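Visitor: This structure is in structure tokens; I'll ask about it shortly.
The values are calculated or read from the model by the stated rules, or taken from the named source; none is laboratory data. These figures come from a predicted structure and were not determined experimentally. All Cβ positions, glycine included, derive from the backbone under ideal geometry; neighbour counts span all protein chains shown.
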Amino acid sequence: MTDYETLLSYISPDVGYDEWVRVGMALKAEGAPFSTWDDWSSKGNKYNQREMQSKWNSFRRGEVTGGTLYHIACQYGFNPGGDDPMVGHYDLHNLLLDEVHLDPVYGSVQRVPGLPRGYDGRGEMLEYLTTLFDESDYVGFCTTAAYNQKKGKWEPAGTVYSHTAGQIIERLRAGRDGFGKPNEEAGIWIRFNPLDGQGDTDTNVTRWKHCLIESDDIPIEQQWSLIQSMHLPCTFVINSGGKSLHAIVKIDAENAQQYRDRVNELYKYAEQAGFKPDPQDKNASRYSRLPGARRGAKVLEYDEHGNPSKTEPIYQYIVARNIGEASYQDWLNWRQEQADDLPEDISLAEVWDNPPPLKDELIPGILRTGHKMLIAGPSKAGKSFLLMNLAISLAEGVEWLGIRCKQGRVCYVNLELDSASCIHRFKEIYEKRGLNPEHINAIDIWNLRGHAVPMDRLASILVHRFKDKKYVAVIIDPIYKVITGDENNATEMSQFCSYFDKVATELSVAMIYCHHHSKGAIDKYDNAMDRSSGSGVFARDPDAILDMTEVKTDGCEANYRLVNGILDEEVLTGWEFAATLREFKPMPRFRAWFHYPVHELDENGDLKSAAKNRGSKKGVGKNQTEKSDLYKNVADALDMVKSLNGDTAIQLVEAGGRKANFSTETDFECATVGGLELVHRRLEDEIFYKRKRYYRKPHGNGSKWVEDVEFSQNPNTETLI
């Protein structure tokens, strides 16, 4: 017996004309041959062979779906998985009807509970009203209807909204018609949220307590199974007396906007679950069906003339009360619990004799594949050069700061430099180190300056975009461009750092990133873990931290310059590196020179006697210390405003100094323009402040700062980021 024949065996060919036609439409929609419908119809008393083929030819695909056939069969006793031996083994996945395909997670299809024994329509009306409304609430309802010939159904015609729930309840308890005389063919419609008595639109809703979710596109049994399986917080589930269930779902929103947000989330989830909710039902003032009302009749038998001889009334009734979760928030919590995709626990005994292999060491003694490393240091320490150098060392499988790296493919996410500058820096580092670029195809550069997105979005994009790249490491430079939340808030930074875990785990890569020191960190903290700006989470989350502090090179440079042929006019700086390691045994601090554009290990010990560059060190005057702090503060402030809104300048008063503090001997200068005193980094030819651009314009023998009026009127936000 075919799937079609199984369903048709439950449906009498002597059903009403409309239902008989819908059976034919459903069969044609599913690709069944004409003979299937003809053979079934021929078994009925009303079979007319002459009209069969022409009627079949008039059917158009899309008028109904295969789910209609399933729905009609269920109305006449078909029960998948029930006690009937003919269908006890029934597999819905073999129905060939897409509308009833269920993901196993949503359970099997279940029969909808029928009209309860001793059904009390008046009692159900009272229960509905006393549950959803206060007695002073105005209730919107409709008992008058007009028949839509085109759609073939009754539709509401007019609304009553001037009666309170208390008035209706009083009439019902007195044995009178609480809603007036209804059209028993059409049933009664009711709005499930209270109104203000002035109208029946969304603007008249006074409390946003419930929403409606229903579907005409899937069989009613499947609706029932999904409503339960989705754990929707339903106050009532109503059988509409038609082809759908109406779930009255608790929303308990504080205002209209929250109502819309919650309903959208609910509908999105239901759609993903396969429920196919009607999007027109999202309104807070939407009609539902009132339980206790009659809605037409079902034909049970026909006389010899084809006229109904025996009927049974159809009612709108309560299928279930208070099912699912207790509230909307409880439902959200339940969803979160169901999303448990955490790994299973393991017994140590099971792996004791055969422990899993350790992950590869990318930087031996410092970092493994799948782990995280933070490089921390003050502004202008050359952290980006250090990271680019590391990317090259990994790609080529050569030394980095004296440690030979494991060769592999690397992704360098550049958030700060323009594309050309970034590429030129890589070339300069290759040339400075004298490396043959044998594996430059192992370095991918993702230039995101002007396109920076928060780390929560970037992590998902990285995983999706690079899942097949087989990287060994992803380098993020710098992280202040992608920080989500307040960097001083431990909870928010813990969430932020979890995004690095996501990328490291899903791509099986090492995550390497840099962050700046807090103001005066070298003076305040001897422990390298405490120097990173913001929450202590930054220091406790990575598997490895490499912290950089500057050392004074006075008296240390001569031998290094002599050995390496470095001219006196070439700038050298010295740096001490302190490693904090979770995975490996502690390693001693080491020092390196920065000779543009490369940090080179101090192999000869020339920096061994160099003192740390502390602003408050004994012998440094108070005024010099204050100026050093001032310039650190300015550097940090400029970094901060650039990360927040793209500004590259701050007002002099914000810098906390005087104009005289920013002389030609400092890294900063003060521009006077448009009545503003703007502090910015020296040698910049353009600056941005509060979405305005200023630039140097030749003036006499020098230049002056002027506003770019055209830019200010039409700012290019991408440039500002």
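Visitor: For residue 352, state whether it is exposed (fewer than 10 other Cβ atoms within 10 Å of the Cβ) and among the aromatic types (Phe, Trp, Tyr).
Guide: Details: exposed (fewer than 10 other Cβ atoms within 10 Å of the Cβ): yes; among the aromatic types (Phe, Trp, Tyr): yes.
In short, yes.
Visitor: Counting only residues that are more than 40 Å from the chain's Cα centre (by Cα) and in a loop (DSSP other than H, G, I, E, B), which one in the stretch 569-596 is surrounded by the most Cβ atoms within 10 Å (Cβ to Cβ)? Show your work before the answer.
Guide: Start the filter on the stretch 569-596 by keeping residues that are more than 40 Å from the chain's Cα centre (by Cα), which leaves 569-576, 587-596.
Right, trim to in a loop (DSSP other than H, G, I, E, B) and you get 569-572, 587-589, 596.
Numbers: 569: 5, 570: 11, 571: 9, 572: 16, 587: 14, 588: 7, 589: 12, 596: 13.
My answer is 572.
Visitor: Same structure again: Does the stretch 200-229 hold any residues that are under 23 Å from residue 292 (Cβ atoms) and either among the aromatic types (Phe, Trp, Tyr) or not assigned by TED's automatic domain parsing to the domain that holds residue 159 (or both), and which are they?
Guide: Hit for the stretch 200-229 is 224, nothing else.
Visitor: Condition first: free of Cβ contacts under 8 Å to residues at least 40 places away in the same chain and over 17 Å from residue 532 (Cβ atoms). Now tell me which residues in the stretch 574-584 satisfy that.
Guide: Result: 574, single match.
Per-residue answers, yes or no, for (1) in a helix (DSSP H, G or I); (2) over 47 Å from the mean Cα position of the chain (by Cα); (3) buried (at least 16 other Cβ atoms within 10 Å of the Cβ):
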position	(1), (2), (3)
7	yes, no, yes
10	no, no, yes
15	no, yes, yes
18	yes, no, no
22	yes, no, yes
27	yes, no, yes
32	no, no, yes
36	yes, yes, yes
39	yes, yes, no
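Visitor: Please enumerate the residues belonging to the stretch 342-369 that are in contact with a strand residue (DSSP E or B) (Cβ under 6 Å, 6 or more places away or on another chain) and polar (S, T, N, Q).
Guide: Hit for the stretch 342-369 is 369, nothing else.
Visitor: Right, residue 479: modelled with pLDDT under 80, of a type in the set (Val, Ile, Thr) and crowded, with 17+ Cβ neighbours inside 10 Å or not? Working first, answer last.
Guide: Details: modelled with pLDDT under 80: no; of a type in the set (Val, Ile, Thr): yes; crowded, with 17+ Cβ neighbours inside 10 Å: yes.
No: the conditions fail for residue 479.
Visitor: Go through the stretch 249-271 and count every residue that is among the hydrophobic types (A, V, I, L, M, F, W, C), more than 16 Å from residue 330 (Cα to Cα) and not in a helix (DSSP H, G or I).
Guide: Taking the stretch 249-271 and keeping what is among the hydrophobic types (A, V, I, L, M, F, W, C), we get 249, 251, 253, 256, 263, 266, 270.
Then drop every residue that is not more than 16 Å from residue 330 (Cα to Cα), which leaves 256, 270.
Remaining after also requiring not in a helix (DSSP H, G or I): none.
Final tally of qualifying residues: 0.
Visitor: Among the listed residues 344, 312, 271, which satisfies the condition of being surrounded by fewer than 12 Cβ atoms within 10 Å (Cβ to Cβ), in the same structural domain as residue 238 (by TED's automatic domain parsing), farther than 14 Å from residue 249 by Cβ and charged (D, E, K, R)? Walk me through it before giving the result.
Guide: Details: 344 fails: in the same structural domain as residue 238 (by TED's automatic domain parsing); 271 fails: surrounded by fewer than 12 Cβ atoms within 10 Å (Cβ to Cβ).
The conditions single out 312.
Visitor: Here is a list of conditions, (1) assigned to a strand (DSSP E or B); (2) more than 22 Å from residue 179 (Cα to Cα), and residue 231 meets all of them except one; can you say which number that is?
Guide: Status for residue 231: all satisfied but (1).
Visitor: Just give me the residues in the stretch 155-182 being within 46 Å of the chain's Cα centre (by Cα) and more than 12 Å from residue 139 (Cβ to Cβ), in sequence order. I'd like the intermediate steps shown before the answer.
Guide: In the first step, residues of the stretch 155-182 are kept if they are within 46 Å of the chain's Cα centre (by Cα); the result is 155-166, 168-169, 179.
Within the stretch 155-182, 155, 156, 157, 158 qualify.
Visitor: Have a look at 324, 306 and point out the one that is exposed (fewer than 13 other Cβ atoms within 10 Å of the Cβ) and in contact (Cβ under 8 Å) with a residue 24 or more places away in the chain. Spell out the reasoning first.
Guide: Values: 324 fails: exposed (fewer than 13 other Cβ atoms within 10 Å of the Cβ).
Going through 324, 306 in turn, just one is exposed (fewer than 13 other Cβ atoms within 10 Å of the Cβ) and in contact (Cβ under 8 Å) with a residue 24 or more places away in the chain: 306.
Visitor: Suppose we keep only residues that are of a type in the set (Ser, Thr, Tyr) and not in a helix (DSSP H, G or I) within the stretch 327-369. Which one would you say is farthest from residue 409 (Cα to Cα)? Break it down into steps so the answer makes sense when it comes.
Guide: Going residue by residue through the stretch 327-369, those that are of a type in the set (Ser, Thr, Tyr) are 327-328, 347, 369.
Narrowing the set further to residues that are not in a helix (DSSP H, G or I) leaves 327, 347, 369.
Values: 327: 50, 347: 35, 369: 12 Å.
Within the stretch 327-369, the match that is farthest from residue 409 (Cα to Cα) is 327.
Visitor: For the stretch 370-402, enumerate the residues that are surrounded by fewer than 18 Cβ atoms within 10 Å (Cβ to Cβ) and modelled with pLDDT under 95.
Guide: 379, 380, 402
Visitor: Can you list the helices (runs of 4 or more DSSP H) found entirely within the stretch 414-513 that contain at least 1 residues being under 22 Å from the mean Cα position of the chain (by Cα) and in contact (Cβ under 8 Å) with a residue 60 or more places away in the chain? If you could, list the steps in order and put the result at the bottom.
Guide: Working: elements: 419-433, 455-465, 490-507.
Output list reads 490-507.
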